[in-house]
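Colleague: This structure is in structure tokens; I'll ask about it shortly.
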Amino acid sequence: MSAYAATDDHDHNYINWEKGFWSWWMSIDHKRIGLMYLGTMLMFFAIGGFFALLVRIELFTPGETIMGAADYNTAFTLHGVVMIFLFIVPGIPATLGNFLLPLMIGAKDVAFPRLNRLSYWLYVLSGGVAVLAIVFRLDTGWTFYAPYSVQNSTAVVAATTAAFLGGFASILTGVNFLVTIHNMRAPGMHWGRLPLFVWTLYATAILQVVATPVIGITLLLLILENVFGLGVFDPDLGGDPVLFEHMFWFYSHPVVYIMILPAMGIVSEIIPVFSRKPIFGYRAIVYASVGIAAISFLVWGHHMFVAGMANLTRYIFSFLTFFVAVPTAVKVFNWISTLYKGSVTWDSPMLYALSFVFLFLIAGCTGIHLATLSTDAHYHDTYFVVAHFHYTIQGGAVIGLLGGLHFWFSKMFGRMYNEKLAKVGWLFLFIGFNGAFLPMFILGMEGMPRRYFDYPVEFTTLHQMATIGAFVNGLGYLFVFGNLGYAVFRGKKAGTNPYESLSLEWQTPSPPAHDNWETIPIVTDWTYGYGKPEDDESHAGH
Amino acid sequence: MFDLFTSMPEQAATWSADVDWLNDLITNLSVFFTVTLTGAMIYLGVKYRKKSEDQEVAYITHNAMLETVWTVVPTIICAVMFVYGIISYKEMRTPPSSAIEINVDAYSWRWDFTYPGGKKSTNTLVVPLGQPIRLIMTSHDVIHSFFIPAMRVKEDVYQGNYSYLWFEPIKLGEFHIFCAEYCGLQHSAMIGKVKVVTQEEYEDYLVDRKAGDAPQLSPAEAGKVLYTEKTCNTCHSLDGSQTLGPSFKGLFASKERKLADGTVVPIDENYIRESILQPQAKMVEGFSPIMPAFEGQLSEEDIANLIAYLKTL
């Protein structure tokens with residue numbers, strides 16, 4: 001069925017091409033870099049998850065449960081810093097993006113393979129420096145708000161240096177992807193045929209390149225303030241703490257879309273394959289992706305609705321924030337419509353994709369509560385925000401990443417995981433996740449502020465539900481990664497294209513050869529032509 | 001409104017019910033859309049599940065009409081929500097001029113309150129039922145956030161300027177005050193309570209003083225002393241005559257002030273504060289920049305007292 005001649009030579013692939021640690025560390029192969037990113041990132045995911053469970057155990061009862069306030073503050077801070085800067089910021093682009101982008105557009109590698117390697121090295125260095133923040137017990141929260149962060153210097157300098165280095169890795173990935181997508185598409189792979197995952201990587205890359213330097217500058221100023229007493233943010237030194245908030249959120253709002261957009265791309269890839277239908281409204285999804293990226297630059301002020309801003313500023317930011325909801329809603333409608341009159345199979349990647357839609361609906365709807373000024377005055381800095389954020393990032397970005405990992409697993413490793421166990425793992429995750437975070441919406445409604453070591457007794461029951469949910473959630477992750485980890489080495493051999501996808505990456509052998517293609521493929525049709533009638537003359541998405 | 005899906009605290013302020021109504025509206029719409037769309041997704045996924053290897057599928061790529069509708073409808077819903085949000089919020093941001101003004105000083109980790117008569121309290125804010133209360137808040141260290149769930153209000157508190165909040169209690173009783181901005185070790189212990197009492201109890205509370213306490217000056221009285229002690233009087237008259245500096249007569253009543261560069265600024269606590277500490281930052285039209293800066297020479301309390309005094313002129 002392959003339209004693109006690729007040798008099914010399983011003896012030679014990117015994994016066994018060269019052996020030994022050094023051959024991986026020095027590799028400039030985008031697939032190896034993607035895999036190394038994945039391994040390192042999952043290690044930090046485990047560390048971040050460990051801190052999350054510590055937090056949840058501590059909150060099981062009011063007052064001290066297993067640790068004091070100082071340890072608790074360190075635990076929730078490190079959970080945030082590790083999960084954000086070392087796991088989900090590199091996230092999907094650095095892992096699946098690196099692995100798949102050149103394969104999906106018919107290129108032999110990214111535009112700057114050495115820069116790609118440098119990006120990974122910087123990320124590892126960033127992780128190493130971040131360990132210092134753990135050792136020195138950072139307790140500022142992942143947001144590093146000044147002036148509190150100006151009084152805690154060793155750990156703050158370590159953590160911000162780590163985030164700064166990670167930011168560079170992110171910028172390099174973004175630049176690399178932009179140039180790759182512009183210049184290295186195979187003949188015939190024009191913009192209207194580009195897979196939607198690539199489109200979302202493109203929108204993400206713009207955000208990475210434009211927004212990340214701002215956090216770099218901000219964190220550098222914070223380091224200078226800590227080390228040399230430069231007075232930019234601390235009022236005692238003549239600085240302005242609100243300036244820090246503006247600069248911090250100018251990056252940290254768009255970064256949420258760096259996390260979530262590629263997950264939307266993955267969902268847009270999975271649903272058509274498992275429905276045997278073209279994605280509904282290809283162009284609308286493209287415009288929505290780029291639109292979300294553009295609007296995301298203009299809404300950072302909603303993180304500061306109660307930060308003493310002028311009324312007019314609050315109105316404007318509220319207005320703009322509402323309009324992120326529109327392109328997001330459009331995407332949801334498109335995904336659901338794709339199922340209509342299809343031939344749907346509920347394999348594990350599809351379970352992840354469809355549960356992404358459900359969880360993201362909750363995340364999006366609760367965003368409305370927070371965009372509305374009068375309700376936000378109540379919800380700001382409460383557990384409602386914690387729940388909303390985790391629905392977006394764990395329910396969105398992480399579930400998307402897992403969907404992608406299951407979907408492309410056989411392509412990456414040439415083996416297949418146990419499908420039944422994958423479904424069981426998904427079920428644990430789904431139940432545990434909702435069990436952990438639905439009660440937090442209620443806690444927020446009732447007024448429970450976030451980052452509290454201790455809490456009034458009336459919140460106890462909901463906290464205990466959340467803690468139990470969190471453990472089921474954690475169990476789900478053990479299950480899922482146990483299943484996948486086993487399959488990396490022992491899984492059944494998989495064919496080249498088990499899901500009969502039309503997308504280019506599936507036309508290579510599994511695992512792909514070291515340099516992807518013997519000859520660069522020539523693309524003659526769009527990616528989603530499932531069930532296309534013989535007489536249909538159009539060859540691009542609508 | 002139908003509120004099965006929400007769980008808000010007691011409604012202790014005039015607008016609590018309005019905020020909750022809007023919150024119910026948004027929540028009900030959210031539940032409706034989430035359930036309907038997820039239901040549709042599961043229905044389609046089951047109805048069109050793969051039943052045979054050669055199952056017929058329809059080649060549908062897009063539908064301009066449908067896509068326009070589902071772009072426009074969410075846009076309208078969002079616009080309506082935005083307007084609702086603004087309407088109820090505008091009230092929250094517009095304190096009546098009759099409001100009782102109480103100063104709030106945030107420290108890691110406590111809240112200090114100073115009432116108009118000079119009475120002070122820590123962590124317990126006593127307010128009379130049915131009276132608008134305006135809080136003028138500043139921090140003495142890191143960022144804090146003043147949050148009363150029952151009143152549905154919250155505002156961050158910074159060192160170096162004032163932030164404001166107001167509410168009108170409609171229910172007697174005690175309600176939580178939380179610090180909502182992470183402020184270090186004892187962040188979760190920085191909690192207090194609002195005690196809403198009757199007008200009489202409030203008045204008794206303000207004069208309640210332990211025997212032997214020195215007679216207390218109100219903030220405005222203390223400010224009056226500072227006015228001469230710090231020689232404000234040499235340049236700022238009280239009778240409207242313009243000498244070296246603008247007169248203080250009717251300062252707060254005039255609401256706005258025209259600056260030398262032509263801009264007009266509102267006269268509020270932050271403006272006065274800045275003009276005391278850094279007089280050259282906003283020069284009033286027609287005056288020379290000759291006033292010395294009082295940065296570092298006045299305590300937070302002095303500044304608050306001076307402002308309280310200026311409001312009486």
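Colleague: Given the whole protein assembly as supplied and a 1.4 Å probe, what does the accessible area of residue B:122 come to in Å², nearest 10?
Modeller: 70 Å²
Colleague: Over all alpha-carbon pairs of region B:219-311, lay out the pair-distance distribution in 5 Å bins, whole %, shortest bin first.
Modeller: Per 5 Å bin, starting at 0, the Cα pair percentages come out as 3, 14, 25, 31, 20, 7, 1.
Colleague: Give a residue-ordered list of calculated ³J(HN,Hα) values for region A:54-67 (Karplus: 6.51 cos²θ - 1.76 cosθ + 1.60, θ = phi - 60°; whole Hz; x for Gly, Pro).
Modeller: Values per residue, Gly and Pro as x: 4, 4, 5, 5, 4, 7, 4, 10, x, x, 6, 9, 10, 8 Hz.
Colleague: Oh, and also: Compute from the Cα atoms of region B:100-207 the Rg and the Dmax, the latter being the longest Cα-Cα distance, and quote both in angstrom.
Modeller: Answer for region B:100-207, Rg first and Dmax second: 12.9, 39 Å.
Colleague: Tell me: how much accessible area in total is hidden between A and B, 1.4 Å probe, Å², nearest 100?
Modeller: Interface between A and B: roughly 7100 Å².
Colleague: Place a point 7 Å from Cα of residue B:64 in the direction of its Cβ. Which residues in region A:261-302 have their backbone N less than 19 Å from it?
Modeller: The answer is A:280-288.
Colleague: Tell me, what is the 1.4 Å probe accessible area of residue A:319, in Å² to the nearest 10?
Modeller: 90 Å²
Colleague: Once the Cα atoms of helix A:399-413 and of chain A are each reduced to a long axis, what angle between those two axes, in degrees from 0 to 90 to the nearest 10, is obtained?
Modeller: The angle comes out near 40 degrees.
Colleague: Let's test the formula: R0 of 56 Å, r as the Cβ-Cβ distance of residue B:267 and residue B:54. What FRET efficiency results, to the nearest 0.05?
Modeller: The pair residue B:267/residue B:54 has a calculated efficiency of 0.10.
Colleague: Pull up all non-local amide H partners of residue B:126: gap of 5 or more, or a different chain, and H-to-H distance under 5 Å with H placed in the peptide plane.
Modeller: B:195
Colleague: Using Cα pairs under 8 angstrom and six or more residues apart, how large is the relative contact order of chain A, in percent?
Modeller: Once normalised by length, the contact order is 20 percent.
Colleague: Please list 3J(HN,Hα) in residue order for region A:297-308, calculated via the Karplus relation 6.51 cos²θ - 1.76 cosθ + 1.60 where θ = phi - 60°; whole Hz, with x for glycine and proline.
Modeller: 6, 10, 10, 4, x, 6, 6, 10, 4, 10, 9, x
Colleague: Let me ask something additional. Amide H neighbours of residue B:177 under 5 Å, counting only residues 5+ apart in sequence or on other chains, H built in-plane at 1.01 Å?
Modeller: It is B:192, B:193, B:194, by chain and number.
Colleague: So how exposed is residue B:255, as accessible area in Å² (1.4 Å probe, rounded to 10)?
Modeller: Only protein atoms counted, so the area is about 130 Å².
Colleague: Quick one: among B:133, B:143, B:76, which has the greatest mean-square fluctuation in a GNM of chain B with alpha-carbon springs under 10 angstrom?
Modeller: The residue with the greatest mean-square fluctuation here is B:76.
Colleague: Determine ³J(HN,Hα), in whole Hz, for all residues of region B:297-313 in sequence, where each value follows from phi through the Karplus function 6.51 cos²θ - 1.76 cosθ + 1.60 and θ = phi - 60°; x replaces Gly and Pro.
Modeller: 9, 10, 7, 3, 5, 4, 4, 4, 5, 4, 4, 4, 5, 4, 5, 7, 8
Colleague: For the protein assembly as shown, what is the accessible area per residue in Å² when the probe is 1.4 Å?
Modeller: On a per-residue basis, the protein assembly as shown sits at 37 Å².
Colleague: Given the protein assembly as shown, what whole percent of its Cα pairs are spread farther than 40 Å?
Modeller: Summing the P(r) of the protein assembly as shown above 40 Å gives 41 percent of all pairs.
Colleague: Return one number: the angle in degrees, 0 to 90 and rounded to the nearest 10, between the long axis of the Cα atoms of helix A:153-183 and the longest principal axis of the Cα atoms of chain A.
Modeller: Long axis of A:153-183 versus the principal axis of chain A: about 30 degrees.
Colleague: Let me ask you something else. Given C-alpha coordinates of region B:155-313, what is the ratio Rg to Rh with the Kirkwood estimate of Rh?
Modeller: 1.03
Colleague: Out of the DSSP beta bridges found with both residues in region B:92-202, what percent are antiparallel (nearest 5)?
Modeller: If we restrict to bridges inside region B:92-202, about 65 percent are antiparallel.
Colleague: How big is region A:113-158 on each of its three principal axes, counting only the C-alpha atoms and giving the largest first in Å?
Modeller: 41, 20, 13
Colleague: Enter the angle in degrees (range 0 to 90, nearest 10) between the Cα long axis of helix B:219-229 and the first principal axis of the Cα atoms of chain B, meaning the one along which they spread out most.
Modeller: For B:219-229 against chain B, the angle is about 50 degrees.
Colleague: Need one number: nm distance between label points at residue A:179 and residue A:124, each 7 Å from Cα along Cα→Cβ, rounded to one decimal.
Modeller: 2.2 nm
Colleague: A follow-up question, please. Less than 11 Å from a label point 7 Å out along the Cα-to-Cβ axis of residue B:140: which backbone N atoms in region B:288-313 qualify, by residue?
Modeller: B:300-301
Colleague: Moving to a separate point now. Hey, with R₀ at 35 Å, roughly what FRET efficiency would residue B:36 and residue B:87 work out to, going by the Cβ-Cβ distance, to 0.05?
Modeller: Once rounded, the FRET efficiency stands at 0.80.
Colleague: What's the FRET efficiency of residue B:255 with residue A:536 using the Cβ-Cβ distance as r and R₀ = 60 Å, to the nearest 0.05?
Modeller: For R0 = 60 Å, the calculated efficiency reads 0.30.
The values are calculated or read from the model by the stated rules, or taken from the named source; none is laboratory data. These figures come from a predicted structure and were not determined experimentally. Virtual Cβ from ideal backbone geometry, glycine too; neighbours counted across all protein chains shown. Side chains are part of the model used for accessible areas, which takes the heavy atoms of the whole protein and leaves out ligands, DNA and RNA. Shrake-Rupley method; radii C 1.70, N 1.55, O 1.52, S 1.80 Å.
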